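The values are calculated or read from the model by the stated rules, or taken from the named source; none is laboratory data. Quantities reported herein were computed from a predicted structural model and do not represent experimental measurements. We place every Cβ from the backbone using ideal geometry, glycine too, and count neighbours over all the protein chains shown.
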Amino acid sequence: ERVADRYLKREVLGEGTYGVVYKAIDTKTGQTVAIKKIRLGKQKEGVNFTALREIKLLKELKDPNIIELTDAFPLKGNLHLVFEFMETDLEAVIRDRNIFLSPADIKSYFQMTLKGLAFCHRKWVLHRDMKPNNLLIGPNGQLKLADFGLARVFGSPDRRFTHQVFARWYRAPELLFGAKQYTSAVDVWAVACVFAELLLRRPFLQGTSDIDQLGKIFAAFGTPTSSQWPDMVYLPEYVEYQFVPAPPLRSLFPMASGDALDLLSKMFTYDPKARISVQQALEHWYFSSAPLPTDPAKLPRPA
Ligand code: ADP
């Protein structure tokens, strides 16, 4: 089947937050692409144009660590977004038991993640859905953020689809306390969870409900005190919790270096205003000290 006179449709790759994703060949360039089909069904005509205008802006945003949006067009009530095709994602790397990740490999994957996110934040775009399966990996080992800017255009994924269980594990405490304003700090918390997952080779805080998610966070870092986080008590869903002491971070990450633990603790700061920024994380000595990040082309990937 030919789509928009240009793309040859191949198999479905999966169902995502916003709709079906399928593989296609771009007959103009010969390249393989991924096309995300977004239903615009119930919305009013005007919304489609607004979304399309916003999407056109996303096309202008290019960075080595962001998935490139190469084309966007409406067709039969669906918005089609065309992206460069990526072989695998970070979740597959983390889960693959045949892959050994050295400290230098982890540093490299995490540095690319932060670089992509820093680009988003410099453009005043929040990602809002950072998780390992949104971190795609290309043939030369380059890691690129997917779904960049989509949350702003189509609404935050976790508000649209409550079945999105995985997204919960990456949610910042202020969101779990009902904060209405997203800030770049929520992306920092999420990306800290990805870092932890790279170190542990399993999701770090696997809550089974929003309340349980907070419980998992408190068990790991201790209950937040109002001196640590003064604005906490003003959050809409704040409730007082029974005191839980913080175990040493070292005990949760026995394999991590002191440098890695220091960076981790600065990203997992309760008060979003005190949490370090993505740019500050990139400037942390963890990245400039030995072992230096592995060259992306030499990173281990699933067979
Ligand atoms: P989610 O919303 O759950 O993050 P996505 O909509 O990003 O999922 O993607 C759905 C499926 O399509 C996933 O299996 C993903 O691996 C695949 N996919 C998404 N983008 C690409 C791409 N650029 N290249 C290859 N596969 C992709």
Inset, instruction - Can you confirm whether the range 238-253 contains a residue that is without any contact (Cβ under 8 Å) to a residue 60 or more places away in the chain, of a type in the set (G, A, S) and closer than 20 Å to C193 by Cα? - result: yes
Inset, instruction - Report whether or not K56 is part of a helix (DSSP H, G or I), away from the ligand (no atom under 16 Å from the Cβ) and within 18 Å of the chain's Cα centre (by Cα). - result: no
Legend entry - Whichever residue in the range 4-15 is away from the ligand (no atom under 11 Å from the Cβ) and among the hydrophobic types (A, V, I, L, M, F, W, C) and, among such residues, is nearest to V33 (Cα to Cα): L8
Legend entry - The one condition in (1) without any contact (Cβ under 8 Å) to a residue 24 or more places away in the chain; (2) touching a Gly at 6+ places or on another chain (Cβ under 8 Å); (3) among the charged types (D, E, K, R) that D212 fails to fulfil: (2)
Inset, instruction - Quick one: Y18 ticks every box in (1) within 10 Å of the ligand (Cβ to nearest atom); (2) aromatic (F, W, Y); (3) at pLDDT 90 or above except a single one, so which number is it? - result: (3)
Legend entry - Which listed residue is crowded, with 19+ Cβ neighbours inside 10 Å and closer than 29 Å to T183 by Cβ, from K62, K56, K107: K107
Legend entry - Checking L249 against (1) under 29 Å from A104 (Cβ atoms); (2) surrounded by fewer than 12 Cβ atoms within 10 Å (Cβ to Cβ), the condition it does not meet: (2)
